[in-house]
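Novice: The structure under discussion is supplied below as C-alpha cells; questions concerning it will follow.
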Amino acid sequence: MLSEDLSKIILSASTEIEQTGTLPDDLLQVAYEEQLFKLFLPKELGGRALSLPDAAHVFKDASFYDGSFGWLTTIGSGGNLFLENMTEAQAKELYLPANAVIAGSGYATGEAHAEKNGYRVSGKWRYCSGAPYASMFTANTIIWRDGEETEEMRACIFMPDQVEIVEDWNAMGLKGTGSHTIRVKDAFIPHNRTFSVIETQNTLGQPVHSFPFVQFSQVSFAAVCLGLGARFLEEAHKLIEQAKSRWDAEKIAGTVSLLEEQQERFNLAEQLFHNAVERRWDMHLNGSLDDHELDQLSAVCMESSDIATDCAVQLFRRLGMQAVLETSPVNRAFRDLWTAGQHGFLNRS
C-alpha cells in the first residue's frame with residue numbers, strides 16, 4: 001500500500017527518527033503530500049477516504065518500515081474520526097490545510113470553566129503522539145459552571161500557541177513518536193472550538209466515522225503490531241544468515257527451525273486479522289454488525305498483537321549478542337513492538 005519510493009525515504013530516515021524523537025522535516029513533507037494523516041477524510045478536505053481494511057494495510061506497511069512512523073501515521077489518521085463531531089465550518093477550517101494533523105488525549109484530565117462565549121481551560125494530558133508538529137491539539141475536559149464541577153465532558157481544540165509541550169516521552173520503544181505531555185494554563189477556548197465526541201454536527205463523514213471507536217482503535221493498533229512483527233521476523237532472518245559463519249551447525253538448525261515455526265504462527269495470525277477486519281467492515285456497510293461480531297473482532301485484534309509479540313519473544317534469546325544492541329534493527333523492532341502492544345486497547349489486563 002506504500003510506494004517503493006516512500007518506503008525508501010522512510011527507511012533512510014529511520015535512524016534520525018529514533019535519535020531526534022520526531023519526524024524529520026523532509027519526511028514530514030512527504031507524509032503531507034501522501035495524505036498519510038488524512039486517510040479517513042473526504043477528498044474535498046484533501047483526504048484519501050480509505051476504508052478501514054485498506055487503512056489497516058497502510059498502518060501495517062508503514063510500521064514495517066519504521067515503527068514510529070507507522071504509529072504516527074495511525075494516530076494522525078485516527079484524529080480524522082472527530083470530523084463529524086465538529087461543526088462543518090469548524091471541520092473545514094481545521095482539516096483543510098495540507099499539514100492538518102491532530103495530537104491529543106482522550107483522558108479528561110483538564111478543567112473547563114464556563115465563561116461568556118466559551119471556557120477558561122487548564123490541564124495536563126499525557127502521551128500526545130505527534131505533539132512536535134501538530135497543527136491542533138484535542139483533549140477532554142470536565143466542565144465547571146458557577147464554581148461547581150458538573151458531570152459534563154467536552155473536548156477542547158487548542159492551537160499550538162496555547163500549548164506547552166513537556167518533553168517527557170522516554171519509553172523503551174517508539175522513541176520517534178514525540179508522545180509527550182501537553183500542558184495548557186488559563187487558555188480561553190471559544191464555544192466553536194469545543195465539541196462532544198458523542199454528538200454529530202455535520203454530514204461530511206465517511207462510513208468509517210460510524211464504525212465503533214473501540215474496535216476502530218483496536219484494528220489500527222493491531223495493524224501496527226503486525227507490521228512490527230513482520231519487521232522483527234525479517235530482521236531475525238537476516239541476523240541468522242549473518243551468524244551462520246560463527247554458529248555451529250546444531251545451533252543454526254535449531255534457530256532456523258524456530259524461526260520457521262514462528263513465521264508460520266505469525267502468517268496465520270496476520271491472515272486471520274485481515275479476514276476478520278474485512279468481514280466486520282462488510283457487515284458494517286450492510287448494517288448487520290452487532291455486539292457479538294464486535295467482541296469477536298476485539299478478540300482477534302488482541303490475539304494478533306499477542307502472537308506478534310510472542311513470536312518475537314520466542315526468538316529473541318536465540319539471536320545472540322547482536323540482538324541486545326539498541327542500534328540493531330532487530331532490537332529496535334522488538335522494543336517498538338513491545339511498546340505498541342502496551343496500549344490500553346490491546347492490553348487484556
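The values are calculated or read from the model by the stated rules, or taken from the named source; none is laboratory data. These figures come from a predicted structure and were not determined experimentally. Don't worry about glycine lacking a Cβ; one is built from the backbone with ideal geometry, like all the others, and counts go over all protein chains shown. When the accessible area is computed, the model is the full protein with side chains, heavy atoms only, and any ligands, DNA or RNA have been set aside. Shrake-Rupley method; radii C 1.70, N 1.55, O 1.52, S 1.80 Å.
Novice: Quick one: helix 249-286 against the long Cα principal axis of the chain, what's the angle to the nearest 10°, folded into 0 to 90?
Specialist: The answer is roughly 30 degrees.
Novice: Keeping all protein chains in place, calculate the accessible area per residue for segment 1-121 (probe 1.4 angstrom), answer in Å².
Specialist: I get 39 Å² per residue for this part.
Novice: Strictly over 24 Å apart at the Cα level, which of K38/K60; K60/K238; K60/K175; K60/K124; K60/K92 would you flag in this model?
Specialist: Listed pairs above 24 Å: K60/K124; K60/K92.
Novice: Testing the spin-label approximation: label points 7 Å from Cα along Cα→Cβ at D25 and A114. State their distance in nm.
Specialist: Modelled inter-label distance: 4.6 nm.
Novice: Note the angle between two axes, namely the Cα long axis of helix 329-341 and the longest principal axis of the Cα atoms of the chain, as a number of degrees from 0 to 90, rounded to the nearest 10.
Specialist: Relative to the chain, helix 329-341 is tipped by roughly 40 degrees.
Novice: Moving on. Just to make sure I understand: if all protein chains stay in place, what is the order of K175, K124 by accessible area at 1.4 Å, largest first?
Specialist: K124, K175
Novice: Here is a follow-up. Describe numerically, in nm with one decimal, the distance between label points set 7 Å from Cα along Cα→Cβ at Y107 and at L272.
Specialist: Inter-label distance under the simple model: 3.2 nm.
Novice: If you don't mind, another one. Just to confirm a number: summing +1 for Lys and Arg and -1 for Asp and Glu over residues other than L258 whose beta-carbon lies under 14 angstrom from that of L258, what do you get?
Specialist: Combined, the nearby Lys, Arg, Asp and Glu give -1.
Novice: Right, here's the next one. Which of G147, V313, L39 sits farthest toward the positive end of the charge dipole of the chain, with +1 on the Cβ of Lys and Arg and -1 on the Cβ of Asp and Glu?
Specialist: In the chain, that residue is V313.
Novice: A further question on this structure: Apply the Karplus curve 6.51 cos²θ - 1.76 cosθ + 1.60, θ = phi - 60°, to the phi angles in segment 16-31 and return the couplings in whole Hz, x for Gly and Pro.
Specialist: Ordered by residue, 3J(HN,Hα) equals 5, 4, 5, 6, 8, x, 7, 7, x, 4, 5, 6, 4, 5, 5, 4 Hz.
Novice: Using packing as a proxy for protection, rank 87-94, 156-163 so that the peptide with the highest average count of other Cβ atoms within 10 Å comes first.
Specialist: The peptides rank, most packed first, as 156-163, 87-94.
Novice: Which peptide among 229-239, 214-224 comes first, and what is the full order, when sorted by highest mean count of other Cβ atoms within 10 Å?
Specialist: Put in order of decreasing packing, that is 214-224, 229-239.
Novice: Return the FRET efficiency for the residue pair D146, E260: r is the Cβ-Cβ distance, R0 is 56 Å, and the value is rounded to the nearest 0.05.
Specialist: Result of the calculation: an efficiency of 0.25.
Novice: Between E164 and K238, what length in nm is gained on full extension when 0.36 nm per residue of separation is reduced by their alpha carbon distance?
Specialist: Working it through step by step, the gained length comes to 22.4 nm.
Novice: Binning at 10 angstrom from zero up to the longest distance, how are the C-alpha pair distances of segment 251-339 distributed in percent?
Specialist: Calculated P(r), rounded to whole percents: 16, 36, 26, 15, 7, 0.
Novice: Now a separate question. Using only the Cα atoms of segment 95-201, what are the Rg and Dmax in Å?
Specialist: Taking only Cα atoms of segment 95-201, I get Rg and Dmax of 14.0, 45 Å.
Novice: Give me, ordered by chain and number, the residues 5 or more places off E152 or on other chains with an amide H under 5 Å from its own placed amide H.
Specialist: Distant-sequence amide H within range of E152: I143.
Novice: Shifting gears a bit: Multiply the residue gap between E4 and S210 by 0.36 nm, knock off their C-alpha separation, and tell me the result in nm, one decimal place.
Specialist: Result for the pair: 70.9 nm of gain on full extension.
Novice: For the Cα atoms of the chain, what angle does the longest principal axis make with the long axis of helix 213-243, in degrees from 0 to 90, nearest 10?
Specialist: 30
Novice: If I model a spin label at R246 and L96 as a point 7 Å from the Cα along the Cα→Cβ vector, what separation in nanometres do I get?
Specialist: 5.8
Novice: With a sphere of radius 12 Å drawn around the Cβ of A13, what net charge do the other residues whose Cβ falls strictly inside it have (Lys, Arg +1; Asp, Glu -1)?
Specialist: -4
Novice: Give the label of the value calculated from the structure for Cα extents along the principal axes in Å, choosing from (1) 81, 47, 42; (2) 77, 45, 39; (3) 77, 56, 38.
Specialist: Of the labelled values, this structure produces (2).
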